[in-house]
Amino acid sequence: MSSIRVVPGTGTGPTALAAYDAALADAGVHNYNLIRVSSVVPAESRIEVLDTAPDLGPAGNRLTVVEARATTEIEGDDPETHVGASAGLGWTRDATGRGLFYEASGSDPEAVRDRVTEGLTAGRDLREWSFVDERVVTADTATDLDPHRSDAYATAVVVGAYGESEPIL
(Lines give C-alpha, C1' and ligand atoms only; values in the text may rest on other atoms or scores of the structure.)
Protein backbone atom coordinates (compact mmCIF):
# COMPACT_ATOMS: atom_id res chain seq x y z
CA MET A 1 0.00 0.00 0.00
CA SER A 2 1.56 3.28 -1.11
CA SER A 3 1.25 6.64 0.62
CA ILE A 4 0.23 10.02 -0.67
CA ARG A 5 1.89 12.66 1.46
CA VAL A 6 0.07 15.99 1.72
CA VAL A 7 2.43 18.85 2.59
CA PRO A 8 1.78 22.60 2.79
CA GLY A 9 4.34 25.31 2.15
CA THR A 10 4.74 29.06 1.82
CA GLY A 11 7.56 31.22 0.55
CA THR A 12 8.58 34.59 -0.76
CA GLY A 13 11.03 35.64 -3.45
CA PRO A 14 12.10 38.41 -5.80
CA THR A 15 10.18 36.76 -8.69
CA ALA A 16 7.01 34.68 -8.84
CA LEU A 17 9.04 31.57 -9.71
CA ALA A 18 11.48 32.17 -6.84
CA ALA A 19 8.55 32.48 -4.41
CA TYR A 20 7.08 29.23 -5.78
CA ASP A 21 10.45 27.48 -5.36
CA ALA A 22 10.66 28.77 -1.78
CA ALA A 23 7.16 27.44 -1.04
CA LEU A 24 8.12 24.04 -2.50
CA ALA A 25 11.25 24.10 -0.30
CA ASP A 26 9.09 24.80 2.74
CA ALA A 27 6.99 21.75 1.79
CA GLY A 28 10.12 19.63 1.16
CA VAL A 29 9.50 18.88 -2.52
CA HIS A 30 11.68 21.50 -4.24
CA ASN A 31 14.35 19.09 -5.50
CA TYR A 32 12.01 17.07 -7.73
CA ASN A 33 10.50 17.53 -11.18
CA LEU A 34 6.82 17.66 -10.34
CA ILE A 35 4.47 15.79 -12.66
CA ARG A 36 0.91 16.99 -12.10
CA VAL A 37 -1.93 14.54 -12.44
CA SER A 38 -5.68 14.89 -12.28
CA SER A 39 -7.19 14.38 -8.92
CA VAL A 40 -8.08 10.73 -8.42
CA VAL A 41 -6.96 8.86 -5.31
CA PRO A 42 -6.10 5.20 -6.05
CA ALA A 43 -7.84 2.53 -3.97
CA GLU A 44 -5.91 1.17 -0.99
CA SER A 45 -3.61 4.18 -0.78
CA ARG A 46 -2.87 5.92 2.52
CA ILE A 47 -2.98 9.70 2.83
CA GLU A 48 -0.61 11.23 5.36
CA VAL A 49 -0.62 14.92 6.28
CA LEU A 50 2.88 16.09 7.18
CA ASP A 51 4.54 19.44 7.89
CA THR A 52 7.19 18.68 5.28
CA ALA A 53 7.85 15.77 2.93
CA PRO A 54 10.40 13.13 3.89
CA ASP A 55 13.22 12.17 1.54
CA LEU A 56 11.38 10.79 -1.51
CA GLY A 57 14.45 9.91 -3.56
CA PRO A 58 17.34 11.57 -5.41
CA ALA A 59 17.20 15.18 -6.55
CA GLY A 60 16.05 15.59 -10.14
CA ASN A 61 13.74 12.59 -10.10
CA ARG A 62 10.13 13.02 -11.19
CA LEU A 63 7.49 13.10 -8.49
CA THR A 64 3.81 12.60 -9.25
CA VAL A 65 1.66 15.20 -7.47
CA VAL A 66 -1.64 16.98 -7.19
CA GLU A 67 -1.06 20.60 -6.31
CA ALA A 68 -2.89 23.70 -5.19
CA ARG A 69 -0.88 26.89 -5.77
CA ALA A 70 -1.42 30.61 -5.34
CA THR A 71 1.06 33.44 -5.94
CA THR A 72 0.57 37.11 -5.21
CA GLU A 73 2.65 40.16 -5.94
CA ILE A 74 3.48 42.13 -2.81
CA GLU A 75 2.90 45.74 -3.79
CA GLY A 76 3.88 48.85 -1.86
CA ASP A 77 5.44 49.30 1.56
CA ASP A 78 2.19 49.35 3.52
CA PRO A 79 1.52 45.86 4.94
CA GLU A 80 -2.17 46.77 5.23
CA THR A 81 -2.42 46.72 1.42
CA HIS A 82 -0.77 43.32 0.93
CA VAL A 83 -3.06 40.63 -0.47
CA GLY A 84 -2.22 37.16 0.76
CA ALA A 85 -2.06 33.94 -1.22
CA SER A 86 -4.02 30.89 -0.10
CA ALA A 87 -3.98 27.35 -1.50
CA GLY A 88 -6.20 24.47 -0.45
CA LEU A 89 -6.19 20.75 -1.20
CA GLY A 90 -9.02 18.54 -0.03
CA TRP A 91 -9.96 14.93 -0.50
CA THR A 92 -12.84 12.56 -0.02
CA ARG A 93 -12.66 8.75 -0.12
CA ASP A 94 -14.78 5.64 0.04
CA ALA A 95 -14.21 2.56 2.22
CA THR A 96 -11.75 1.04 -0.31
CA GLY A 97 -9.58 4.18 -0.15
CA ARG A 98 -10.36 5.36 -3.67
CA GLY A 99 -11.47 8.93 -3.92
CA LEU A 100 -10.67 12.31 -5.31
CA PHE A 101 -8.69 15.43 -4.58
CA TYR A 102 -9.87 18.94 -5.28
CA GLU A 103 -7.64 22.01 -5.40
CA ALA A 104 -8.44 25.71 -5.09
CA SER A 105 -6.46 28.93 -4.71
CA GLY A 106 -7.07 32.61 -4.13
CA SER A 107 -6.44 35.38 -1.64
CA ASP A 108 -9.09 34.63 1.02
CA PRO A 109 -8.39 31.46 3.09
CA GLU A 110 -12.04 30.89 3.98
CA ALA A 111 -13.19 31.31 0.37
CA VAL A 112 -10.50 28.84 -0.76
CA ARG A 113 -11.63 26.30 1.85
CA ASP A 114 -15.27 26.79 0.75
CA ARG A 115 -14.35 26.26 -2.94
CA VAL A 116 -12.49 23.05 -2.08
CA THR A 117 -15.51 21.77 -0.16
CA GLU A 118 -17.88 22.73 -3.01
CA GLY A 119 -15.61 20.99 -5.52
CA LEU A 120 -15.51 17.80 -3.46
CA THR A 121 -19.30 17.82 -3.25
CA ALA A 122 -19.56 18.21 -7.03
CA GLY A 123 -17.01 15.41 -7.57
CA ARG A 124 -18.94 13.06 -5.29
CA ASP A 125 -22.11 13.82 -7.26
CA LEU A 126 -20.40 12.57 -10.44
CA ARG A 127 -19.52 9.20 -8.96
CA GLU A 128 -21.57 6.28 -7.69
CA TRP A 129 -19.22 5.63 -4.79
CA SER A 130 -20.16 5.70 -1.09
CA PHE A 131 -17.85 8.32 0.38
CA VAL A 132 -17.00 8.06 4.06
CA ASP A 133 -14.63 10.93 4.84
CA GLU A 134 -13.44 14.38 3.80
CA ARG A 135 -10.47 16.54 4.78
CA VAL A 136 -9.02 19.89 3.67
CA VAL A 137 -5.48 21.23 4.17
CA THR A 138 -4.63 24.87 3.42
CA ALA A 139 -1.52 27.04 3.29
CA ASP A 140 -1.62 30.83 3.56
CA THR A 141 1.07 33.46 3.16
CA ALA A 142 1.48 36.05 5.85
CA THR A 143 -0.08 39.39 4.96
CA ASP A 144 2.04 41.28 7.51
CA LEU A 145 5.38 40.93 5.72
CA ASP A 146 8.30 43.18 6.61
CA PRO A 147 7.89 46.41 4.61
CA HIS A 148 11.70 46.56 4.20
CA ARG A 149 11.82 43.18 2.48
CA SER A 150 13.51 42.52 -0.83
CA ASP A 151 10.92 39.94 -1.85
CA ALA A 152 8.15 41.06 -4.16
CA TYR A 153 6.13 37.82 -4.45
CA ALA A 154 4.56 35.35 -2.03
CA THR A 155 3.35 31.81 -2.81
CA ALA A 156 1.29 29.23 -0.94
CA VAL A 157 1.19 25.57 -2.03
CA VAL A 158 -0.34 22.34 -0.83
CA VAL A 159 1.10 19.30 -2.58
CA GLY A 160 -0.11 15.70 -2.51
CA ALA A 161 2.94 13.60 -3.44
CA TYR A 162 2.13 10.10 -4.73
CA GLY A 163 4.62 7.52 -3.42
CA GLU A 164 8.34 7.91 -4.03
CA SER A 165 10.12 9.77 -6.81
CA GLU A 166 11.28 7.92 -9.94
CA PRO A 167 14.21 8.48 -12.31
CA ILE A 168 13.34 10.88 -15.09
CA LEU A 169 15.95 9.48 -17.49
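The values are calculated or read from the model by the stated rules, or taken from the named source; none is laboratory data. All of these numbers come straight from a predicted model, not from anything done at the bench. Counting neighbours? That spans all protein chains shown, and the Cβs are built from the backbone with ideal geometry, glycine included.
How about segment 85-133: which of its residues are acidic (Asp, Glu) and in contact with a Lys or Arg (Cβ under 9 Å, 6 or more places away or on another chain)? Outline the logic, then answer.
Our first condition is that a residue be acidic (Asp, Glu); within segment 85-133, this holds for 94, 103, 108, 110, 114, 118, 125, 128, 133.
Scanning segment 85-133 gives Asp94, Glu103, Asp133.
Going by the structure shown, is Thr72 modelled with pLDDT under 95, hydroxyl-bearing (Ser, Thr, Tyr) and more than 18 Å from Phe101 (Cβ to Cβ)? Can you show your working first?
Values: modelled with pLDDT under 95: yes; hydroxyl-bearing (Ser, Thr, Tyr): yes; more than 18 Å from Phe101 (Cβ to Cβ): yes.
For Thr72, the condition - modelled with pLDDT under 95, hydroxyl-bearing (Ser, Thr, Tyr) and more than 18 Å from Phe101 (Cβ to Cβ) - is met.
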The lone exception for Glu48 - which of (1) loosely packed, with under 15 Cβ neighbours inside 10 Å; (2) on the phi < 0 side of the Ramachandran plot; (3) over 16 Å from the mean Cα position of the chain (by Cα); (4) among the charged types (D, E, K, R) it fails: (3)
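Limited to segment 124-142, what total is found for residues that are free of Cβ contacts under 8 Å to residues at least 40 places away in the same chain and of a type outside the set (Lys, Arg)? Explain how you work it out, then say what you get.
Our first condition is that a residue be free of Cβ contacts under 8 Å to residues at least 40 places away in the same chain; within segment 124-142, this holds for 124-132.
Pick out the ones that are also of a type outside the set (Lys, Arg) and you get 125-126, 128-132.
Residues flagged as free of Cβ contacts under 8 Å to residues at least 40 places away in the same chain and of a type outside the set (Lys, Arg) within segment 124-142 amount to 7.
Could you go through segment 15-24 and let me know if any residue there is in contact with a strand residue (DSSP E or B) (Cβ under 8 Å, 6 or more places away or on another chain), free of Cβ contacts under 8 Å to residues at least 60 places away in the same chain and farther than 25 Å from Gly99 by Cα.
To start, the set of residues in segment 15-24 that are in contact with a strand residue (DSSP E or B) (Cβ under 8 Å, 6 or more places away or on another chain) comprises 15-16, 18-24.
From the residues that got through so far, the ones that are free of Cβ contacts under 8 Å to residues at least 60 places away in the same chain too are 21.
From what is left, the residues that are farther than 25 Å from Gly99 by Cα are 21.
Looking for residues that are in contact with a strand residue (DSSP E or B) (Cβ under 8 Å, 6 or more places away or on another chain), free of Cβ contacts under 8 Å to residues at least 60 places away in the same chain and farther than 25 Å from Gly99 by Cα, one finds at least one in segment 15-24, hence yes.
Does any residue of segment 91-111 turn out to be among the aromatic types (Phe, Trp, Tyr) and free of Cβ contacts under 8 Å to residues at least 40 places away in the same chain? Spell out how you get there, then give the answer.
Here is the first cut: in segment 91-111, the ones among the aromatic types (Phe, Trp, Tyr) are 91, 101-102.
Within this subset, residues satisfying the condition of being free of Cβ contacts under 8 Å to residues at least 40 places away in the same chain are none.
Within segment 91-111, not a single residue is among the aromatic types (Phe, Trp, Tyr) and free of Cβ contacts under 8 Å to residues at least 40 places away in the same chain.
I'd like to check something: does segment 116-133 contain any residue that is acidic (Asp, Glu), out of contact with any His (no Cβ under 6 Å at 6 or more places or on another chain), under 22 Å from Gly11 (Cβ atoms) and at pLDDT 95 or above? Outline the logic, then answer.
Applying the first criterion (acidic (Asp, Glu)) to segment 116-133 yields 118, 125, 128, 133.
Filter again for out of contact with any His (no Cβ under 6 Å at 6 or more places or on another chain), leaving 118, 125, 128, 133.
Checking which are under 22 Å from Gly11 (Cβ atoms) leaves us with none.
Checking segment 116-133: not a single residue is acidic (Asp, Glu), out of contact with any His (no Cβ under 6 Å at 6 or more places or on another chain), under 22 Å from Gly11 (Cβ atoms) and at pLDDT 95 or above.
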Identity of the residue in segment 13-31, assigned to a loop (DSSP other than H, G, I, E, B) and in contact with a Pro (Cβ under 9 Å, 6 or more places away or on another chain), that ends up surrounded by the fewest Cβ atoms within 10 Å (Cβ to Cβ): Asn31
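Looking at segment 70-86, can you tell me whether even one residue there is outside any strand (DSSP E or B), of a type in the set (Ser, Thr, Tyr), surrounded by 15 or more Cβ atoms within 10 Å (Cβ to Cβ) and touching a Ser or Thr at 6+ places or on another chain (Cβ under 8 Å)?
First, the residues of segment 70-86 that are outside any strand (DSSP E or B): 74-85.
Pick out the ones that are also of a type in the set (Ser, Thr, Tyr) and you get 81.
Cutting the leftovers down to surrounded by 15 or more Cβ atoms within 10 Å (Cβ to Cβ) gives us none.
Within segment 70-86, not a single residue is outside any strand (DSSP E or B), of a type in the set (Ser, Thr, Tyr), surrounded by 15 or more Cβ atoms within 10 Å (Cβ to Cβ) and touching a Ser or Thr at 6+ places or on another chain (Cβ under 8 Å).
Taking Thr64, is it on the phi < 0 side of the Ramachandran plot, polar (S, T, N, Q), crowded, with 17+ Cβ neighbours inside 10 Å and free of Cβ contacts under 8 Å to residues at least 60 places away in the same chain? Spell out the reasoning first.
Details: on the phi < 0 side of the Ramachandran plot: yes; polar (S, T, N, Q): yes; crowded, with 17+ Cβ neighbours inside 10 Å: yes; free of Cβ contacts under 8 Å to residues at least 60 places away in the same chain: no.
No.
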Yes/no for Asp146 being in a strand (DSSP E or B), of a type outside the set (Phe, Trp, Tyr), loosely packed, with under 15 Cβ neighbours inside 10 Å and at pLDDT below 95: no
